[in-house]
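Novice: Sharing a structure with you now.
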Amino acid sequence: MWVSFHSCGLVTPGTTMNAVLPSDVHANWNDDINDGGLSEHARLVWIQSLRSQHKLVDQKRNAYWRKKIELQSSPTQLWRAVDKVLCRERINVVNPARSASEFADFFIGKVNAIRAATDGASAPTFNDVHVESPLRWFQKLHVDDVVKLIHSAPAKPRPDLDPAPTCLVKDCVHLVAPFVTHLFNTSLSTGSVPDAFKAACITPLLKKPGLDVDVVENYRPVSNLSSLSKLLERAVCNQLESHLVEAGLFPQHQSAYRKGHSTETALVKVCADLVKHMDSGHHVLLALLDLLAAFDTVDHSRFMTRYGPCHAIFHLP
């Protein structure tokens with residue numbers, strides 16, 4: 001079996017095959033073969049060279065994958081690189097037997113069933129929050145703010161939703177930015193979102209690789225909005241997040257939807273607490289709660305009524 005060391009990043013311009021297998025090893029090997037046997041010296045040299053080869057290959061492989069991981073600039077790219085290292089790349093499902101109507105009926109029925117099951121539950125209680133500087137209106141965006149938003153947008157093609165690809169918009173950003181800025185500021189000041197921004201393409205994705213592709217229960221819906229809709233969403237999110245940080249309203253241990261936090265920080269916190277209490281001789285019990293279709297079952301009217309007082313947000317359009 002032939003292995004390409006160049007394709008694996010194991011041989012770099014500073015590494016030659018002579019460093020992997022020295023020439024004197026081949027010379028000794030050939031001399032001993034011609035003499036009809038292997039001397040003890042030649043056998044030891046061969047074993048030593050073989051060990052050196054394995055060590056060099058391991059070093060080059062480790063350096064290659066370490067560099068691959070360290071160069072990633074976001075958690076998403078990092079986990080994709082880790083998945084490649086562990087050979088667990090995602091498997092795309094092609095042409096499931098179920099129709100779009102069957103998927104839509106299942107997702108709608110699932111949400112309705114959850115709401116019906118919890119309809120008789122008692123209303124939750126909330127505490128109003130009072131801070132020195134509540135959020136009463138959104139700040140107007142400047143053209144430079146929109147330019148930064150457009151440049152930071154991922155180049156994901158959405159041909160069904162976007163009239164122009166993101167890469168083209170980025171090339172013409174200084175031409176379109178003033179119009180997009182006016183559109184966003186109008187939306188923020190009036191509290192309305194264009195109907196076109198609410199349209200989304202729903203893609204059913206398998207929850208785990210290897211599940212039966214013809215069973216609708218094995219899928220979860222993923223909504224893809226237009227690029228402009230995502231930019232407006234990001235503009236609002238930036239102002240809300242800035243307000244929550246300045247007012248100190250972020251929960252201390254929240255890792256989701258927060259800058260500098262991710263599943264990694266949550267996992268590190270949990271593991272550190274477990275080890276700390278176990279080292280102290282205490283028993284540790286971990287309870288995990290998974291809410292079924294949590295975001296899909298949120299009551300929007302109740303959410304809007306309670307979200308403001310709980311986070312010092314008042315009188316927004």
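The values are calculated or read from the model by the stated rules, or taken from the named source; none is laboratory data. Here the structure is a predicted model, which means the values were calculated and not measured. FYI the Cβ positions are ideal-geometry reconstructions off the backbone, even for glycines, and counts take in every protein chain you see. Calculation scope for accessible area: heavy atoms of the full protein, side chains included, ligands and nucleic acids excluded. Shrake-Rupley method; radii C 1.70, N 1.55, O 1.52, S 1.80 Å.
Novice: How long is the gain from Asp128 to Arg80 if the chain were fully straight, where each residue apart is worth 0.36 nm and the alpha carbon distance is subtracted? Before the final figure, lay out each step's value.
Specialist: On the way: separation 48, 0.36 × 48 = 17.28 nm, distance 4.11 nm.
Length gained between Asp128 and Arg80: 13.2 nm.
Novice: If we count every other residue with Cβ under 14 angstrom of His300's Cβ, Lys/Arg +1 and Asp/Glu -1, where does the sum land?
Specialist: +2
Novice: Tally up the carbon and sulfur contribution to the accessible surface of the range 103-207 as a whole percent, 1.4 Å probe, everything protein left in place. Please report the intermediate quantities before stating the final value.
Specialist: On the way: 4440 of 7390 Å².
For the range 103-207, the apolar C and S fraction of the accessible surface comes to 60 percent.
Novice: Using alpha carbons only, what's the Rg to Rh ratio of the range 137-235 with Rh from Kirkwood? Numbers along the way, then the final one.
Specialist: Numbers: Rg = 16.5 Å, Rh = 15.2 Å.
Taking Rg over the Kirkwood Rh, I get 1.09.
Novice: Calculate the length of the line joining the C-alpha centroid of the range 191-270 to that of the range 96-164, in whole Å.
Specialist: Computed from Cα coordinates, the inter-centre distance equals 7 Å.
Novice: Accessible area per residue, 1.4 Å probe, Å², for the range 40-184: what's the number? The partial results should precede the final answer.
Specialist: Working: 11300 Å² over 145 residues.
Per-residue value: 78 Å².
Novice: Which values, in whole Å and largest first, are the semi-axes of the equivalent ellipsoid of the range 42-172 obtained as the square root of 5 times each eigenvalue of the Cα gyration tensor?
Specialist: Numbers: eigenvalues 470, 162, 111 Å².
For the range 42-172, the ellipsoid semi-axes come out as 48, 28, 24 Å.
Novice: For the range 188-250, what is the accessible area per residue in Å², given a 1.4 Å probe and the full set of protein chains?
Specialist: The answer is 57 Å² per residue.
Novice: Quick one: Karplus J couplings for the range 186-198, per residue in order, coefficients 6.51, -1.76, 1.60, θ = phi - 60°, nearest Hz, x for Gly and Pro?
Specialist: Each residue of the range 186-198 in turn: 5, 5, 5, 6, 9, x, 10, 10, x, 4, 5, 6, 8 Hz.
Novice: Another question, if that's okay. By the gyration tensor of its Cα atoms, with a ≥ b ≥ c the square roots of the eigenvalues, what is the shape of the range 239-298: rounded for a/c under 1.5, prolate for a/b over b/c, or oblate?
Specialist: Details: a/c = 2.81, a/b = 1.52, b/c = 1.84.
The shape class here is oblate.
Novice: Treating cross-link reach as a plain straight distance, find the lysines whose alpha-carbon is under 20 Å from the alpha-carbon of Lys170, omitting any fewer than eight places away in the same chain.
Specialist: Output for Lys170: Lys148, Lys156, Lys230.
Novice: Give me the log10 of I(q) over I(0) for the range 187-317 at q = 0.19 Å⁻¹, as the Debye formula computes it from C-alpha points; what are the numbers?
Specialist: Results for the range 187-317 at q = 0.19 Å⁻¹ read -1.37.
Novice: Taking amide hydrogens as modeled 1.01 Å from N in the peptide plane, which residues meet the under 5 Å criterion relative to His311, leaving out close sequence neighbours?
Specialist: Val129
Novice: Using Stokes-Einstein with the Kirkwood hydrodynamic radius over Cα pairs, what translational diffusion coefficient do you get for the range 270-317 at 4 °C and a viscosity of 1.567 mPa s, in µm²/s rounded to a whole number?
Specialist: Numbers: Rh = 14.6 Å.
Here the translational diffusion coefficient equals 89 µm²/s.
Novice: Quick one: if the Förster radius is 51 Å, what FRET efficiency do Leu205 and His142 give, using the C-beta to C-beta distance and rounding to 0.05?
Specialist: E(calc), rounded to 0.05, equals 0.85.
Novice: Can you work out ³J(HN,Hα) from phi for every residue in the range 272-286, in order, using Karplus 6.51 cos²θ - 1.76 cosθ + 1.60 and θ = phi - 60°, giving whole Hz and x for Gly and Pro?
Specialist: 5, 5, 4, 5, 4, 6, 5, 5, 7, x, 8, 7, 10, 10, 10
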